[in-house]
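Read the structure below first, then the notes.
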Amino acid sequence: MLTVHVEADDAPWVDGNALAGPLGEIMGTDLTVAELTCAGCRTTRPLAAMRVFDRAPGLVARCPGCEDVVMRVVRMTGRVLVDVRGSLIVSLPVPTA
Amino acid sequence: MAVITRGFGGRRRDDADLPPGQYRTDDFPVLSAGPTPRIDLDEWEFAVVTETGERSTWSWAEFTALPADEPTVDIHCVTRWSKFGTSWRGVSVDTLLADVDTAAEYVVAHSYGGYTTNIPLEGLLDGQAWVAYEFDGEPLAPVHGGPARLLVPHLYFWKSAKWLRALELRLDDEPGFWETAGYHNDGDPWREQRYLED
Ligand SMILES: [Zn+2]
């Protein structure tokens, strides 16, 4: 369930579930359960808890604590680019087979 | 080519004026990769920094006292919308660099809020770019980049950095926010340079 947040006269953001579609499509797994450690403030949160600015040339996920960018996802013509330089660690649960 | 004349004598703008892959909108969509910074005009400062570290700075009062232009230009967003005939007021980059001594070939635009974008210096000179602080006769709204934004209409609009804080002159090219995330380094809409791979 996506929640859209709009402060008066501000850029809207949605929660990290907005990344489930594009990331799931290329990686075949639900990455919203991934946990990211923000390189800015070093706190760890699930990707779903990040703030995603989606009205932009790409999807920009920011840490809700310090507002630094933790992930960027850009759909190019034939590829999807995932940039995680703003995250120190990306951890995923082991799939239960 | 069909030319349709309007009552005011201008040629009606049509798809021939659109770069490839673009559609026309009369809205002004707000695109933003982050929260909108709020900058008090008392604290606002704009800087030009050369490759040797020399800084020229302007306060808001100093900046808005500079000779200004009122360009009317078409703008083209990489997300495929184009908007014709947008009216701005701003200071040309030529004016801002008139007294700056530099051998730089590249510029990085820095924004309040941390955004960056890179442009070759020659793409900003000769009346091709402005630091704009009014849109449609009104102070530039924060969501559109106010107090002041870069305006480089001949490139995709992500190069027209909102909330501009500084122009950094460099000897080498330094890719910016979108240029390091899959977008084209040059961003010429007429050559449809959207992505790294284009
Ligand atoms: Zn953080």
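For residues that are open to solvent by less than 30 Å² (accessible area, probe 1.4 Å) and under 16 Å from B:ALA141 (Cα atoms), scanning just segment B:35-52, find the one that is nearest to the other protein chains (Cβ to nearest Cβ). In this case the residue turns out to be B:THR36. Applying the criterion of being surrounded by 18 or more Cβ atoms within 10 Å (Cβ to Cβ) and more than 7 Å from chain B (Cβ to nearest Cβ) to the residues of segment A:66-83, the residue that is nearest to the ligand (Cβ to nearest atom) is A:VAL70.
Any idea which residue in segment B:18-33 is modelled with the highest pLDDT, counting only those that are farther than 18 Å from B:LEU140 by Cα and under 18 Å from the mean Cα position of the chain (by Cα)? Write out each step before concluding.
Restricting attention to segment B:18-33, the residues satisfying the condition of being farther than 18 Å from B:LEU140 by Cα are B:18-25, B:33.
Okay, now just the ones that are also under 18 Å from the mean Cα position of the chain (by Cα), so B:19, B:33.
Details: B:PRO19: 97, B:ALA33: 94.
Per the criteria, the residue is B:PRO19.
Please verify whether B:LEU140 is modelled with pLDDT of 95 or more, more than 22 Å from B:PRO29 (Cβ to Cβ) and buried (at least 20 other Cβ atoms within 10 Å of the Cβ), treating the condition exactly as stated.
Numbers: modelled with pLDDT of 95 or more: yes; more than 22 Å from B:PRO29 (Cβ to Cβ): no; buried (at least 20 other Cβ atoms within 10 Å of the Cβ): yes.
Considered against the rule, which asks whether it is modelled with pLDDT of 95 or more, more than 22 Å from B:PRO29 (Cβ to Cβ) and buried (at least 20 other Cβ atoms within 10 Å of the Cβ), B:LEU140 comes out as no.
Of the residues that make up segment B:136-150, is at least one out of contact with any strand residue (DSSP E or B) (no Cβ under 9 Å at 6 or more places or on another chain) and not hydrophobic (A, V, I, L, M, F, W, C)? Yes, the conditions are met somewhere in segment B:136-150.
Return yes or no: is B:GLU174 open to solvent by 50 Å² or more (accessible area, probe 1.4 Å), more than 14 Å from every other protein chain (Cβ to nearest Cβ), under 15 Å from the mean Cα position of the chain (by Cα) and modelled with pLDDT of 95 or more?
Details: open to solvent by 50 Å² or more (accessible area, probe 1.4 Å): yes; more than 14 Å from every other protein chain (Cβ to nearest Cβ): yes; under 15 Å from the mean Cα position of the chain (by Cα): no; modelled with pLDDT of 95 or more: yes.
Criteria not met by B:GLU174.
Of all residues in segment A:11-44, those satisfying the criterion of being closer than 19 Å to A:PRO93 by Cα and modelled with pLDDT of 95 or more are A:GLU35, A:LEU36, A:THR37, A:CYS38, A:THR43, A:THR44. Considering B:ARG89, B:ARG24, B:ARG55, B:ARG80, the condition of being touching a strand residue (DSSP E or B) at 6+ places or on another chain (Cβ under 7 Å), under 24 Å from B:GLY182 (Cβ atoms) and open to solvent by 40 Å² or more (accessible area, probe 1.4 Å) is satisfied by B:ARG80 alone.
Rundown of residues vs (1) under 11 Å from the mean Cα position of the chain (by Cα); (2) within 13 Å of another protein chain (Cβ to nearest Cβ); (3) open to solvent by less than 50 Å² (accessible area, probe 1.4 Å), yes/no style:
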| site | (1), (2), (3) |
| --- | --- |
| B:PRO153 | yes, no, yes |
| B:ALA166 | no, no, yes |
| B:ARG170 | no, no, yes |
| B:TYR195 | no, yes, yes |
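Cβ separations smaller than 6 Å between residues 6+ apart or across chains give the following pairs from segment B:66-93 residues that are at negative phi and without any contact (Cβ under 8 Å) to a residue 40 or more places away in the chain to residues that are part of a strand (DSSP E or B) and of a type in the set (D, E, K, R): B:ALA68/B:ARG89; B:GLU70/B:ARG89; B:SER92/B:ASP69.
B:HIS110 fulfils the conditions (1) assigned to a loop (DSSP other than H, G, I, E, B); (2) open to solvent by 20 Å² or more (accessible area, probe 1.4 Å) except for a single criterion, (1).
Residue check, A:CYS63 against (1) at the interface with chain B (Cβ under 10 Å from one of its Cβ atoms); (2) open to solvent by less than 80 Å² (accessible area, probe 1.4 Å), all met but one. Which one? If we test A:CYS63 against (1) at the interface with chain B (Cβ under 10 Å from one of its Cβ atoms); (2) open to solvent by less than 80 Å² (accessible area, probe 1.4 Å), just (1) comes out false. Here segment A:25-53 is the region considered, the condition is being under 16 Å from B:PRO35 (Cβ atoms) and within 13 Å of the ligand (Cβ to nearest atom), and the residue that is surrounded by the fewest Cβ atoms within 10 Å (Cβ to Cβ) is A:CYS41. Filtered by the rule that a residue be in a strand (DSSP E or B), out of contact with any helix residue (DSSP H, G or I) (no Cβ under 8 Å at 6 or more places or on another chain) and within 13 Å of chain B (Cβ to nearest Cβ), segment A:11-60 gives A:TRP13, A:VAL14, A:PHE53, A:VAL60.
The values are calculated or read from the model by the stated rules, or taken from the named source; none is laboratory data. Everything numeric in this text was worked out from a predicted model, so none of it was measured. Cβ coordinates were reconstructed from backbone atoms using ideal geometry, including for glycine residues, and neighbour counts include every protein chain displayed. To get the accessible areas, we keep the full protein, side chains included, count just its heavy atoms, and leave off ligands, DNA and RNA. Shrake-Rupley method; radii C 1.70, N 1.55, O 1.52, S 1.80 Å.
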